[in-house]
Amino acid sequence: MKVLVATDKPFAKVAVDGIRKEIEGAGYELVLLEKYGEKSKLLSAVKDVDAIIIRSDVIDAEVLDAAKKLKIVVRAGAGYDNVDLEAATAHDVCVMNTPGQNSNAVAELAFGLMVMAVRNMYNGTSGTELKGKKLGIHAYGNVGRNVARIGKGFGMDIYAYDAYCPKDVIEADGVRAVASVEELYAMCDVVSVHIPATPETKNSINYGLVNRMPKGGLLVNTARKEVINETDLIQLMEERPDLKYMTDIMPAAHETFAAKFAGRYFSTPKKMGAQTAEANINAGIAAARQIVAFFKEGCEKFRVNKK
Ligand code: 3PG
C-alpha cells in the first residue's frame with residue numbers, strides 16, 4: 001500500500017516524521033511530494049498510490065483520473081473546498097477531513113491579526129485594546145469555539161452566530177448566541193469569520209453586511225477568501241475610512257487593498273493559520289491514522305463525500 005503526502009505548503013518536519021511512523025508502522029510505504037509547484041508533478045506522483053494526504057492542494061477530476069489505484073484522500077485540516085467531492089464519489093474514492101485538529105492554531109492567529117490591527121500595525125502610535133470590546137464569531141465550529149475561549153481570556157464580550165449550531169450549545173460556553181448574521185455584524189466591534197466556502201457562503205460577506213458594523217469595525221478573516229465579496233469590501237472601505245480588514249487568505253484583489261488601505265489592511269503572504277508544528281502534527285497524524293483505519297478496519301468516520 002502506497003500513501004502519498006502531497007503538500008505544496010509542507011508540514012513541519014516533525015509532523016512528517018510522525019506521519020511516516022504511522023504509515024510505515026502499518027506496513028505501508030510513504031511517498032513525499034512537497035513544494036511541487038506545478039500540477040504536472042502532482043499528476044505523475046498520484047499514478048500508483050492508494051491513498052493521499054493533502055492540505056489545501058487541489059484534487060480535481062484530472063488528478064482523480066490520473067490516480068488509477070486511489071481509494072482515499074484525507075485533507076489534513078478542516079476545509080475541503082479544494083477537493084471535487086462529486087468527482088471523488090464518481091471515482092469511488094473516499095474523502096475525509098480531520099476536523100478540530102488545527103483549530104487552536106487558526107484561532108490563535110485570528111488574535112494575532114486582531115492585536116496587530118488595534119495596535120496600528122505596530123507602527124509605534126497609540127492604539128486600543130481588545131478588553132471590553134464586543135467580539136462576534138461568525139460560525140461556531142471548531143475554530144469559532146477556540147476563538148471564544150481565547151477571547152474570554154482577553155476580557156472581550158463574546159457573541160456568535162451559527163446557522164446550524166443550536167443556541168443552547170453556544171450559550172453553554174458563556175457566549176451570547178445572536179439570532180441573525182446581520183445582528184452579529186451590527187453589534188460587534190470585531191467580527192472573526194469562520195464559515196466554510198460553499199456555494200451558499202461564497203461572496204456572502206458583502207457591502208450590506210459589513211456596513212452594519214459600528215464605527216471602527218474590524219473584520220478578521222482566517223477562513224476563505226471566497227466568502228468575501230471583494231468588490232463590495234473595497235467600495236465600503238473607500239467610503240468608511242474607519243473600517244479595517246485583516247486576513248490570512250490573500251484576496252484576489254490584494255494589490256488594490258494594499259494600495260488603497262495602507263494602515264488598515266493586512267494579508268499574510270501565504271495562509272498560515274494552521275502553520276504550527278502542533279497543528280501539523282495533530283492533523284497529519286490524524287490523517288495517517290484515518291488512512292490506516294480505513295484500509296485495516298473499513299472505518300469511514302470523517303468521510304465527507306457521498307458513496
Ligand atoms: C483548514 O481548512 O484546515 C485551514 O484552512 C488550513 O489549511 P492549510 O492546511 O492549507 O494551511
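The values are calculated or read from the model by the stated rules, or taken from the named source; none is laboratory data. Predicted model only: the values in this text are computed from it and were never measured. When we count neighbours, we look across all protein chains shown, and the Cβ atoms used for this are built from the backbone with ideal geometry, even at glycine. Only protein heavy atoms, including side chains, enter the accessible area calculation; ligands, DNA and RNA are left aside. Shrake-Rupley method; radii C 1.70, N 1.55, O 1.52, S 1.80 Å.
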From highest to lowest solvent-accessible area (probe 1.4 Å; ligands, DNA and RNA excluded), Glu129, Glu24 read Glu129, Glu24
Give, as a single signed number, the net charge of other residues whose beta carbon lies under 12 Å from the beta carbon of Lys270, with Lys and Arg counted +1 and Asp and Glu -1.
+2
Using a 1.4 Å probe, how large is the accessible area of Asp232, given in Å² and rounded to the nearest 10?
40 Å²
Residues with amide H under 5 Å from that of Val31, placed H, sequence gap 5 or more
Val3, Leu4, Val5
Quick check on the chain: helices-only [θ] at 222 nm, where DSSP H runs of length 4 and up contribute -39,500 (n - 2.57) each and the sum goes over total residues. Nearest 500, please.
-10500 deg cm²/dmol
Entries of Lys13/Lys271; Lys9/Lys225; Lys152/Lys225; Lys131/Lys225; Lys13/Lys202; Lys133/Lys244 with Cα pairs more than 24 Å apart:
Lys152/Lys225; Lys131/Lys225; Lys13/Lys202
In what sequence, largest accessible area first, do Val14, Val83 appear using a 1.4 Å probe?
Val14, Val83
Largest first, what is the accessible-area ranking of Ser44, Ser204 with a 1.4 Å probe?
Ser44, Ser204
How much accessible surface area, in Å² rounded to 10, belongs to the heavy atoms of Leu218 with a 1.4 Å probe?
10 Å²
To one decimal place, what orientation-averaged projected area in nm² is obtained for the convex hull of the Cα set of the chain?
16.1 nm²
Through the Karplus equation 6.51 cos²θ - 1.76 cosθ + 1.60, θ set to phi - 60°, convert the phi angles of segment 123-137 into ³J(HN,Hα) values in whole Hz; use x for Gly and Pro.
8, x, 8, 6, x, 10, 10, 7, 3, x, 7, 8, 10, x, 9
How much solvent-accessible surface does Met121 expose, in Å² to the nearest 10, with a 1.4 Å probe and all protein chains in place?
40 Å²
In nm, spacing of pseudo-spin labels at Asn211 and Ala163 (7 Å Cα→C-beta vector):
2.2 nm
Have a look at Ile137, Ile285, Ile234 and tell me which one the Gaussian network model of the chain (Cα, springs below 10 Å) gives the largest fluctuation.
Ile234
Separation in nanometres of the label points that stand 7 Å from Cα toward Cβ, at Val115 and Asp60
4.0 nm
So Lys13 and Thr198, fully extended at 0.36 nm per residue minus their Cα-Cα distance, gain in nm 63.4 nm
Out of all Cα-Cα pairs in segment 1-122, roughly what percent, to the nearest whole number, are more than 23 Å apart?
35 percent
Tabulate in residue order the Karplus-calculated ³J(HN,Hα) for segment 4-10, using 6.51 cos²θ - 1.76 cosθ + 1.60 with θ = phi - 60°, rounded to whole Hz; enter x for Gly and Pro.
9, 9, 10, 10, 5, 9, x
Using every Cα-Cα pair within segment 103-267, state what percent have a distance larger than 27 Å.
16 percent
Checking the a/c ratio against 1.5 first, then a/b against b/c, what shape does the Cα gyration tensor give for segment 179-267?
oblate
If the cut-off is a Cα-Cα distance under 20 Å, which aspartates and glutamates reach Lys301, setting aside same-chain residues fewer than 8 apart in sequence?
Glu22, Asp50, Asp81, Asp84, Glu86, Asp92
Taking 25 Å as R0, compute the FRET efficiency from the Cβ-Cβ separation of Glu171 and Lys131 and round it to 0.05.
0.70
